[in-house]
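Note sheet for the following structure.
The values are calculated or read from the model by the stated rules, or taken from the named source; none is laboratory data. Here the structure is a predicted model, which is why all the values come from computation and not from measurement. All Cβ positions, even for glycine, are placed from backbone atoms using ideal geometry, and neighbour counts span all protein chains on display.
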Ligand SMILES: Cc1cc2nc3c(=O)[nH]c(=O)nc-3n(C[C@H](O)[C@H](O)[C@H](O)COP(=O)(O)OP(=O)(O)OC[C@H]3O[C@@H](n4cnc5c(N)ncnc54)[C@H](O)[C@@H]3O)c2cc1C
Ligand SMILES: Nc1ncnc2c1ncn2[C@@H]1O[C@H](COP(=O)(O)O)[C@@H](O)[C@H]1O
């Protein structure tokens with residue numbers, strides 16, 4: 001039996017490091033490393049735990065530039081069986097509809113996927129829309145914002161999990177095949193192993209799919225398949241701050257200084 | 001050219017502004033009411049109607065509420081089979097409703113439920129959706145909705161449009177817009193709709209509401225003392241509560257502190273928590289990751305206490321102390337108590 005699990009991972013610029021050129025209004029890419037979107041690694045870890053427990057396989061997939069291969073290699077070196085790099089210029093500029101569209105087709109092409117896992121949201125666009133979008137396109141049930149995986153019942157083919165809404169926690173059951181989006185920090189992603197790293201380099205372990213191979217009409221993907229259009233971008237100037245920083249190795253003096261500031265602000 | 005796999009639509013057939021009125025147990029979410037004020041402005045600019053969409057069991061009782069807050073009309077889907085919130089069912093109902101009445105703009109609150117449904121509805125209708133907007137406007141030339149939202153952890157502000165598809169969909173970040181005044185003299189139309197429910201492949205077995213212990217919610221506080229991983233454990237938050245009380249404020253937390261179970265989720269500040277804009281924000285043992293800063297950077301004043309001089313929180317601080325919080329905070333509490341007790345010092 002086993003579970004065939006597909007995991008969507010996005011290769012994102014590390015937002016902590018992103019800087020902007022205020023004159024040219026462009027992103028300064030030099031020196032900015034990219035990383036796998038953090039909750040996506042939690043999704044990979046969950047997939048590996050489920051496979052180790054119930055058998056089956058884990059396929060990671062990423063739509064992105066050729067450099068996104070590094071993210072897939074990381075997931076394979078953690079233990080994923082296979083990676084799919086969905087990469088080609090026609091996919092560029094995709095919004096969440098176009099992204100969901102492509103990932104849903106990839107899952108169909110993988111055949112017999114039981115569980116499609118995604119991160120709760122990305123650090124670069126932070127929408128959390130892709131998982132629910134894929135769920136609609138595949139007609140599969142969805143458990144979003146999952147905070148605890150409880151059980152998989154192979155006989156009834158249902159999974160049980162907890163998920164968190166703004167006002168509380170829901171216990172949900174879903175029939176397979178299903179989509180789940182995983183909260184950041186629900187587990188600790190395992191480190192890559194040397195054996196895994198070697199495997200990731202083997203030919204065939206990471207496949208590259210382009211839009212022709214996937215049978216897409218170019219009008220339906222990338223920028224052209226995206227109903228939303230970014231009309232303008234502004235750089236947000238952070239509100240000016242005093243930036244008065246003192247050394248606090250003498251706590252009494254620091255406290256006195258803080259009290260002065262609190263007085264000036266009118267709060268004491 | 002548009003994707004031939006999308007259903008064809010005629011833009012001019014889509015009119016009116018809709019707001020999904022999220023409720024649980026017959027209580028309307030404040031985040032939904034907040035959108036009504038802004039949506040009223042948009043509808044007025046377009047010369048179109050503003051409608052609320054209310055789904056649940058027994059919600060007829062509260063059907064007039066959206067009208068009191070500015071709507072012209074409310075679509076009420078009240079049936080026992082809609083009693084439990086289920087994104088699969090609720091988004092299906094809204095997709096069918098949108099196909100019937102064709103709204104031009106459809107807004108939802110940027111709660112988790114609002115976000116997951118907005119994507120389901122948009123994808124089913126093959127239209128766009130912008131998450132977490134903090135401003136909306138109407139392009140005076142084209143009448144298109146301008147959806148504005150922060151991106152890249154709050155470093156950019158993007159203005160987004162959905163020119164060729166309808167409805168133009170977005171979620172609005174909670175606590176950005178103000179709830180408009182409630183006016184019981186307003187009148188409007190109630191449209192009752194029944195849509196045959198689908199059999200869902202998900203079942204909600206249980207819902208456990210999160211306790212919000214009678215304390216002041218952080219969204220409304222004028223002063224917030226927030227703690228992070230630097231606090232090392234739940235017991236040390238007592239110190240922050242004490243400090244907050246002396247200042248007349250309340251306590252918030254970083255996600256790291258919430259994930260560790262030291263503080264309830266309802267007090268998390270940041271991108272996946274609450275956006276707060278207090279008069280004073282005091283960050284204690286918080287490094288200042290972009291996701292945290294996204295939720296507090298519009299505070300009027302920021303004070304940071306952290307032992308690491310290079311912590312990014314200092315970049316957004318007006319006043320900072322580089323030092324051990326376990327020494328500085330107690331010293332500060334002591335000094336404040338002396339001031340309170342001893343009168344003029
Ligand atoms: C998709 C996504 C969404 C997220 N959403 C949010 C969100 O909404 N809110 C949020 O907060 N985070 C969010 N995060 C997490 C965020 O990236 C950081 O991991 C988190 O904010 C770190 O919390 P922290 O500052 O408490 O902990 P740390 O980064 O570990 O910082 C602890 C700080 O305490 C200081 N410290 C330690 N001991 C002492 C001492 N004795 N005295 C003084 N200082 C001390 C340290 O110098 C350090 O700077 C999100 C992450 C992702 C991937
Ligand atoms: N280009 C992509 N390739 C693979 N997975 C993606 C991609 N974009 C988004 N995802 C997945 O969808 C989740 C939610 O993304 P978003 O809706 O953009 O916040 C991410 O955490 C990923 O798991």
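From the set of residues in the stretch A:113-136 that are in a loop (DSSP other than H, G, I, E, B) and closer than 24 Å to residue B:5 by Cβ, which is farthest from the other protein chains (Cβ to nearest Cβ)?
A:113
Quick check on my filter: what residues within the stretch A:228-241 are surrounded by 13 or more Cβ atoms within 10 Å (Cβ to Cβ), farther than 19 Å from residue B:294 by Cα and either without any contact (Cβ under 8 Å) to a residue 60 or more places away in the chain or more than 7 Å from every other protein chain (Cβ to nearest Cβ) (or both)?
A:229, A:230, A:231
Residues being surrounded by 17 or more Cβ atoms within 10 Å (Cβ to Cβ), assigned to a strand (DSSP E or B) and away from ligand 1 (no atom under 16 Å from the Cβ): count how many of those fall in the stretch A:181-227.
Residues flagged as surrounded by 17 or more Cβ atoms within 10 Å (Cβ to Cβ), assigned to a strand (DSSP E or B) and away from ligand 1 (no atom under 16 Å from the Cβ) within the stretch A:181-227 amount to 2.
Determine which member of the set A:29, A:19 is more than 16 Å from ligand 2 (Cβ to nearest atom), within 14 Å of chain B (Cβ to nearest Cβ) and in contact with a strand residue (DSSP E or B) (Cβ under 7 Å, 6 or more places away or on another chain).
A:19
Is there any pair linking a residue in the stretch B:310-331 that is on the phi < 0 side of the Ramachandran plot to one that is part of a helix (DSSP H, G or I) and near ligand 1 (Cβ under 8 Å from one of its atoms), with Cβ under 7 Å and at least six apart or on different chains, and which?
From residues that are on the phi < 0 side of the Ramachandran plot, the pairs are B:321/B:328; B:325/B:230.
Of all residues in the stretch B:1-26, count the ones that are surrounded by 19 or more Cβ atoms within 10 Å (Cβ to Cβ) and more than 31 Å from the chain's Cα centre (by Cα).
Summing the residues that are surrounded by 19 or more Cβ atoms within 10 Å (Cβ to Cβ) and more than 31 Å from the chain's Cα centre (by Cα) in the stretch B:1-26 gives 1.
Quick check on my filter: what residues within the stretch B:249-264 are more than 12 Å from ligand 1 (Cβ to nearest atom) and either modelled with pLDDT of 95 or more or surrounded by 15 or more Cβ atoms within 10 Å (Cβ to Cβ) (or both)?
B:249, B:250, B:251 - these are the residues of the stretch B:249-264 that are more than 12 Å from ligand 1 (Cβ to nearest atom) and either modelled with pLDDT of 95 or more or surrounded by 15 or more Cβ atoms within 10 Å (Cβ to Cβ) (or both).
Yes or no: residue A:45 farther than 22 Å from residue B:123 by Cβ and either touching a helix residue (DSSP H, G or I) at 6+ places or on another chain (Cβ under 6 Å) or modelled with pLDDT under 95 (or both)?
No.
Is it the case that the stretch B:327-344 has a residue that's within 21 Å of the chain's Cα centre (by Cα) and outside the structural domain of residue B:177 (by TED's automatic domain parsing)?
No, the conditions are met nowhere in the stretch B:327-344.
For the stretch B:311-345, how many residues are outside any helix (DSSP H, G or I) and at pLDDT 95 or above?
Summing the residues that are outside any helix (DSSP H, G or I) and at pLDDT 95 or above in the stretch B:311-345 gives 9.
Can you name the residue in the stretch A:82-112 that is in contact with a helix residue (DSSP H, G or I) (Cβ under 8 Å, 6 or more places away or on another chain) and near ligand 2 (Cβ under 9 Å from one of its atoms) and is also farthest from the other protein chains (Cβ to nearest Cβ) among such residues?
Looking at the filtered set, the residue picked out is A:86.
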